[in-house]
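Following: one structure in structure tokens, then a few remarks.
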Amino acid sequence: MRRKLAAGNWKMNGTRASLAELAVLAKTHAASEVDILICPPATLLTAACGHAPLMIGAQDCHMATSGAHTGDISAAQIKDAGATAVIVGHSERRVAHEEHSEIVRAKARAAQAEGLTAIVCLGESLAQREAQNTLDIIGGQLAGSIPDNATGENLVVAYEPIWAIGTGLVPDLAQIGEVHDFIRSRLERRFGAGVGRSVRLLYGGSVKPDNAADIFTVPNVDGALVGGASLTAADFSPIITALETV
């Protein structure tokens with residue numbers, strides 16, 4: 001049985017004062033039966049740890065273990081900071097930093113080598129959706145971004161349609177279900193039923209308290225990767241609660 005996961009990506013938001021939100025979340029969901037992961041900026045990784053039952057993750061990592069990579073952070077450093085997961089392949093990095101799937105795969109491999117869970121993001125643009133190329137795009141990203149040693153413990157896949165991130169636009173439930181079912185079938189075909197069925201699939205893209213419950217009813221949606229609505233406990237807690245009650 002796959003354990004549900006509510007993951008929050010703070011992106012380039014948050015200072016030490018923001019950590020008070022974690023204390024509220026930890027108290028509110030102290031007995032939660034779903035996993036709760038917060039991915040703050042790298043400056044807050046260590047300070048964010050220690051709010052059980054919350055888990056802490058990073059927003060990106062470099063593929064190398066160390067070296068002359070000014071401004072980057074390695075998977076080993078993320079682990080040393082106390083985090084247990086890292087997001088790789090987010091569309092904002094694929095687009096703004098021109099990170100193609102081979103780079104994402106190398107980053108995921110580096111994360112897994114350090115014992116971190118790699119949250120690999122996939123998603124199509126609005127033009128690709130309108131051209132009815134969504135499954136081709138997702139299939140290509142999935143094949144190119146996922147390392148061969150993937151398991152249900154070291155991999156989470158997040159489907160985040162680029163056109164829905166931060167826009168307020170959300171695919172209808174049938175569209176979400178189509179992509180998640182497709183990802184599940186591809187994982188099962190590549191890794192076998194055991195591993196393929198154990199990997200958690202998250203939906204991301206304008207997930208909010210007022211639409212989360214409906215999204216979580218879709219088969220093969222095991223939780224959400226939430227952006228702006230994860231910045232405050234007031235917004236993120238109802239999303240977690242919706243996942244707890246599915």
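What follows is calculated from the coordinates using simple rules that are stated; it is not laboratory data. All values derive from a computational prediction rather than experimental measurement. Don't worry about glycine lacking a Cβ; one is built from the backbone with ideal geometry, like all the others, and counts go over all protein chains shown.
Before anything else, pin down the relative contact order of segment 5-244: Cα pairs under 8 Å, at least 6 apart, normalised by residue count, whole percent.
20 percent
Per 0.36 nm of contour for each residue apart, how much would the distance between Thr232 and Thr151 grow if the chain were fully extended, relative to their Cα-Cα spacing?
Once the chain is fully extended between Thr232 and Thr151, it gains 26.0 nm.
Along Cα→Cβ, 7 Å out, is where each label goes; now give me the distance between the ones at Ala143 and Ala30 in nm to one decimal.
About 5.1 nm, to one decimal.
Through the Karplus equation 6.51 cos²θ - 1.76 cosθ + 1.60, θ set to phi - 60°, convert the phi angles of segment 170-177 into ³J(HN,Hα) values in whole Hz; use x for Gly and Pro.
9, x, 6, 4, 5, 5, 4, x
Identify which of Val199, Val86, Val218 has the largest mean-square fluctuation in a Gaussian network model of the chain, with springs joining Cα atoms closer than 10 Å.
Val218
For the pair Leu135/Glu102, report the inter-label distance in nm, with labels modelled 7 Å from Cα in the Cβ direction.
2.8 nm
Take Met12, Met55 and order them by how many other Cβ atoms sit within 10 Å, fewest up front.
Met12, Met55
Going 7 Å from the Cα of Ala113 along its beta-carbon direction, which residues of segment 37-61 have the amide nitrogen within less than 18 Å of the resulting point?
What the label zone holds, given the 18 Å backbone N cut-off, is 60-61.
Taking the Cα centre of each part, how many Å lie between segment 23-69 and segment 208-227?
First find each Cα centre; the distance between them is then 20 Å.
Pick out which of Asp214, Asp60, Asp181 has the largest mean-square fluctuation in a Gaussian network model of the chain, springs linking Cα atoms closer than 10 Å.
Asp214
If packing is taken as the average number of other Cβ atoms within 10 Å across a peptide's residues, how do 77-85, 62-70 rank, most packed first?
Final packing ranking: 77-85, 62-70.
When the Karplus curve 6.51 cos²θ - 1.76 cosθ + 1.60 is applied with θ = phi - 60°, which whole-Hz ³J(HN,Hα) does each residue of segment 116-130 get, with x for Gly and Pro?
8, 7, 8, 9, 8, 9, 10, x, 9, 7, 5, 4, 5, 5, 5
Can you give the helix-only mean residue ellipticity at 222 nm for the chain, where every DSSP H stretch with n ≥ 4 adds -39500 (n - 2.57) and the sum goes over all residues, rounded to the nearest 500 deg cm²/dmol?
Taken over the chain, the calculation gives -11000 deg cm²/dmol.
Considering amide H positions built from the backbone, and no H for Pro or chain starts, which residues 5 or more places from Thr117, or on another chain, come under 5 Å of its amide H?
Those lying under 5 Å, H to H, from Thr117 are Ala85, Val86.
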